[in-house]
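Below is one structure; the comments refer to it alone.
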Amino acid sequence: MKALRADLLYTGKPGEVLRNVYVLFEGEKIIGVSEEKPREGEIIDFDGSIVTPAFIDSHCHIGMNRHGEPSAESESNEKYGPVLPLIDAIYSVYLDDKAFKESIEHGVLYSCILPGSGNIIGGKGVLIRNYGRDVEEAFIKYAGVKAALGYNPRSTVDWKGVRPYTRMGAIAILRRWLEKAKDQLKLVERGKKTLEEVDPEIKHLFPVVKGEERLRVHVHKMDDAAGLLMIKREFNLKVTAEHLGDVHSKFTFEKLKKENIPIIYGPLDSHAYKVELKHRSWRNAKLIVEVKPLFSIMSDHPVTLQRNIFLQTRFFRRFGMSKDECIALLTSKAARILEIDDKLGTIENGKWASMIVWSGDPFSLDSYPKMVIGEGKILHEES
C-alpha cells in the first residue's frame, strides 16, 4: 500500500474539498481517503501539496495530428467517403507523438480522440491512456460515433464521395443513412433479414439508431444546434453537442439543458478562423456558466495544445465558478459524459489511482505538477 498526503485535496466532486488527508492506494486503485497517517506502507509527502484527480480531455485529435510532422501527414480525417461508420480512431493514433509526453507532464492523462469533422459521420471515437506503450495497451473504451454539422463537412467538396455543398445537404446525407439503418434494423428485428445480410457500414449504425451508442456531433452555430435537436428527436438519438463556439445566447444552452444533452464545450483559446465562428468570444463562457448544463471542456488538440487545457478554466473562474467546479470540468464531469465515471474523475475508493500533486494552487501561474500518478504508477516527477 502507498499513501499520498494532501494538504488540500480536490476530490473532483463539485463542492468537496478535503484538508490534511491521505489518499491510500494499492496497485492501480484507490482504497480510501483517511485523515490518519497510515502505520505501514510508503508515504509520499510533499510540503504544502495540493492534489487533484488526473485530467481528462473530452475531445481532441492528439496522436493523429502529430508534433513536428507536416499537416499533409495528418490522419484526423479519412477522405474516401462522407459517411464512414467503420472508421476506428484507434488505428490512426501514434503514441510516439511528443505531445503525449508534454500532456502527461501537465497532468492530462486521458484523451478522448475523435475523427475529424470533415465527414458527416467520421467514425468511432476512442478513450485512451496517454501513457500507453502502444495503442492496444492505451485503449480504454470506445466513446461514441463522430458526426458533424455546419461548415466543416460542406467544405470538403473536393474529397471523394457524395459531398454536401450546403448545411441542408449535410442534414440530408445524415438523414439518409439514419433512415437506411433504421429500416434495415426493422427487417432484422422482424426476422426478414439476418445480421449477416446487412451491409457492415449500416450494421455499425444500429447502436446509434437504437439509442445505445452516442452520436458525438460537431456543431458551432445556434441554428445548427437547433437542427441537431430536431434530428435527435426524429430518430430518438443519444447525442452530445460538441464545440458550440458561435453560441452567443442563453437560449441555445437552455434548450440543450432541457433535453438533457451533454455539452463538450470549446476550445476557448483558439482563433476564429471561419465565418461560422464570427460570434465566437471567450465571454460566451458566461452564458454556459449561468445556464449550468452538464458540460466538460476540450482542447481540440492541436487546435489548442492539450497540455494547456487547464488554462481554459480561468474564464469559468472569472464568471463565477468555484475552483472545485472548474476542476470538475476536467475530471468528474468529463468522466460522466464519457461514461467512465466508475473508473475515473474522482478520488475515492475503487477508482483508478490517477492523480496530480501540485506545487501550489493549480490556479496560480507559478504552480506546476510536481508528481503525476497514473493508475498507481509515477509517470512524471519534477525535481
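Computed values, structure above
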read-out: Highest-fluctuation residue, Asp224, Asp134, Asp300 considered, GNM on the chain with Cα pairs under 10 Å; value: Asp134
read-out: Lysines with Cα under 24 Å of Lys323, excluding same-chain neighbours fewer than 8 positions away; value: Lys13, Lys250, Lys257, Lys286, Lys292, Lys333, Lys343, Lys351, Lys370
read-out: Value of [θ]222 nm, deg cm²/dmol, for the chain, DSSP H segments ≥ 4, -39500 (n - 2.57) each, nearest 500; value: -6500 deg cm²/dmol
read-out: Approximate spin-label separation Leu187-Lys258, in nm, with each point projected 7 Å along Cα-to-Cβ; value: 3.9 nm
read-out: Label zone at Glu40, where the point sits 7 Å out along the Cα-to-Cβ direction: the stretch 2-32 residues whose backbone N lies under 13 Å; value: 2
read-out: Test item: Cα-centred dipole of the chain, Lys/Arg +1 and Asp/Glu -1 on Cβ, debye; value: 1780 debye
read-out: Cβ-Cβ FRET estimate between Asn349 and Ile378, R0 fixed at 25 Å, reported to 0.05; value: 0.75
read-out: Prolate/oblate/rounded call for the chain, Cα gyration tensor, a/c under 1.5 rounded; value: prolate
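Quick note: the coordinates plus some simple rules give every number you see, no bench work behind them. The model shown is predicted, which means the values in this text are computed figures rather than measured ones. Cβ atoms come from the backbone with ideal geometry, glycine included; neighbour counts cover every protein chain shown.
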